[in-house]
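To keep things clear, I will list the structure first and then write my remarks on it.
The values are calculated or read from the model by the stated rules, or taken from the named source; none is laboratory data. Keep in mind the model is a prediction, meaning the values are calculated, not measured. Positions of Cβ are generated from backbone atoms using ideal geometry, with glycine treated the same way; all protein chains shown enter the neighbour counts. To get the accessible areas, we keep the full protein, side chains included, count just its heavy atoms, and leave off ligands, DNA and RNA. Shrake-Rupley method; radii C 1.70, N 1.55, O 1.52, S 1.80 Å.
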Amino acid sequence: MEGKLTSLVGNTSTEIQALLGDRPNAKLRGKQIGGHLYKRAVDSFDAMLDLPADLRADLNQNFAVQPLEVATHKTSTDGVDKLLVHNGDHQVYECVLLPYEGRVSCCLSSQVGCPMGCAFCATGLGGFDRNLTAGEIVGQYLMLQRLTEKRISHVVFMGMGEPLLNLKNLLKAMRILHDEVGLSYRHITVSTVGLVPQIRELAKENLPIHLALSLHSPLDEVRDRLMPVNHKWPVKEVVGAMRDYQESTGRKVTFEYLLINGVNDTPEQARALVPLLKGMPNVVNLIPFNWVDTGQGFSRPSNDRIRTFRGILQNAGVNVTQRVERGHDIAAACGQLAGQHKGKFAKREQGEQLKPLPLVP
Ligand code: SAH
Ligand code: SF4
């Protein structure tokens, strides 16, 4: 196993050059290696045939290509691939390849587990292990790229974890995806539970990425129950931060809206969304609840209820999309990417009261 060797994935070409130290032609070699790793998703030094044989042998001795390896690979009947990966430590996390007509997208994790404790989320119910490094984030992309001949052009951070709790590594990973892999920032979506200070910090970076807020209710009493984060940054405050983000970056933000039967799918809440989102050329993306045993009896609304909710928004001029669901048979839906591998759902007992978790700064 590659184990303790320094992994090159997660470093820029310039950083790789520095890691090569005083080896001959370090600058050129750094560039070549970076090109192999990121542009061609090469997974071994032996396959970097334009490097001298002695350098390849040297690299094999002293470095690893990437920090992660595949624990499980599942393919769904509708062509979605899900990888469960780890770093030799059995802390597994997941990523998903999503081929669509005309483009290939992927869904990546930013943390192993998640400390935010949302009541409907398989990841949240399983607790938190740690942040992923930039190499582990970019490594997921590269692992998935190796499964397809088509180029993965879109990345969404909707796998395990809250990306803005891991902002430093997330920013580095996005820079590598942009500068080294060649992805457009516009094709990268970061979905957040709504951490106001981090939204403001991200705005200062002024990257043309796409930011989505998991809103899930316009009413504090409902959002409090679903998402402990709302006690700290309630609806008005977080939507205000999204508005400021949009104004300062000029990038249109979107809102994710999970629909849970009888909880947040009422016509009253659809109507309350309209004034809340006023003045933003918004898109609300509806996500019918993917069943997870939350111990709270949550279920997916009927198609009729979804249509009613959607109709109220559309009649008020709000743009609405509905998430195309894929990979059901392998539990590849976002928010479902969690520790079935570890039997983590057992961590919370049926009916246990959900308490707000402490927020990691
Ligand atoms: N932590 C970030 C990103 C990962 S979750 C966030 O919360 O936004 C990605 C999306 O999946 C979020 O919108 C989340 O609310 C949603 N999600 C979580 N559990 C879900 C479930 N059981 N069914 C449908 N969507 C879910
Ligand atoms: Fe974490 Fe997002 Fe799941 Fe909430 S929905 S627990 S923030 S991964």
**Item:** Accessible solvent surface per residue of the stretch 74-194, calculated while the other protein chains remain in place, 1.4 angstrom probe, Å²
**Value:** 31
**Asked** Which of K39/K168; K74/K252; K4/K82; K74/K204 have a Cα-Cα distance over 31 Å?
**Response** K74/K252; K74/K204
**Prompt:** Rg and Dmax of the stretch 133-291, using alpha carbons, in Å: what are they?
**Reply:** 16.3, 47
**Sequence-separation-based contact order of the chain, relative, with Cα cut under 8 Å and 6+ spacing, percent** = 17
**Prompt:** Roughly speaking, what is the stretch gain from D22 to L49, that is 0.36 nm per residue apart minus the C-alpha to C-alpha distance, in nm to one decimal?
**Reply:** 7.6 nm
**Request:** Could you please report the charge total around F45, scoring K, R as +1 and D, E as -1 over all other residues with beta-carbon less than 10 angstrom from its beta-carbon?
**Result:** -2
**Fill in**
Taking the stretch 1-110, the whole-percent share of alpha-carbon pairs separated by over 17 angstrom is 61
**Prompt:** Among T14, T133, T254, which one moves the most in a GNM of the chain with springs linking Cα atoms closer than 10 Å?
**Reply:** T14
**Request:** Quick one: among E136, E94, E205, which has the greatest mean-square fluctuation in a GNM of the chain with alpha-carbon springs under 10 angstrom?
**Result:** E205
**Request:** Give me the compactness ratio for the stretch 181-245, meaning the Cα radius of gyration over 2.2 N^0.38 Å.
**Result:** 1.20
**Complete:** Note: the stretch 59-160, point scatterers on Cα, Debye, no solvent; log10 I/I(0) at q = 0.13, 0.14 Å⁻¹ equals -0.48, -0.55
**Charge sum, other residues only, whose C-beta stays under 13 Å from S302's C-beta, Lys/Arg counted +1 and Asp/Glu -1** = +2
**Prompt:** Probe 1.4 Å, all protein chains in place: accessible area of H328 in Å², nearest 10?
**Reply:** 100
**Message:** Around H210, under 11 Å between beta carbons, what's the net of Lys plus Arg minus Asp minus Glu among the other residues?
**Reply:** +3
**the stretch 167-247: relative contact order as a whole-number percent, Cα under 8 Å and 6+ apart** = 29
**Message:** Run the simple label-point estimate for L5 and A57 please: 7 Å along Cα→C-beta, distance reported in nm.
**Reply:** 1.4
**Asked** If each Cα of the stretch 69-340 is one equal point scatterer, what is log10 of I(q)/I(0) from the Debye formula at q = 0.10, 0.11, 0.13, 0.15 Å⁻¹?
**Response** -0.48, -0.58, -0.84, -1.15
**Prompt:** If the cut-off is 18 Å between C-alpha atoms, which aspartates and glutamates fall inside it for K232, apart from same-chain ones fewer than 8 positions away?
**Reply:** E162, E201, D220, E221, D224
**Asked** GNM, the chain, Cα, under 10 Å: largest mean-square fluctuation among L59, L28, L49?
**Response** L49
**Fill in**
Computed over the stretch 121-217, the relative contact order (Cα-Cα under 8 Å, seq sep at least six) in percent reads 27
**Complete:** Compactness check, the stretch 6-64: C-alpha Rg relative to the 2.2 N^0.38 Å globular estimate gives 0.96
**Request:** Keeping the other protein chains in place, figure out the carbon and sulfur percent of the accessible area of the stretch 6-64, with a 1.4 Å probe.
**Result:** 50
**Request:** Determine the shape class of the stretch 39-90: with a ≥ b ≥ c the square roots of the Cα gyration tensor eigenvalues, call it rounded for a/c under 1.5, and otherwise prolate if a/b is greater than b/c, oblate otherwise.
**Result:** oblate
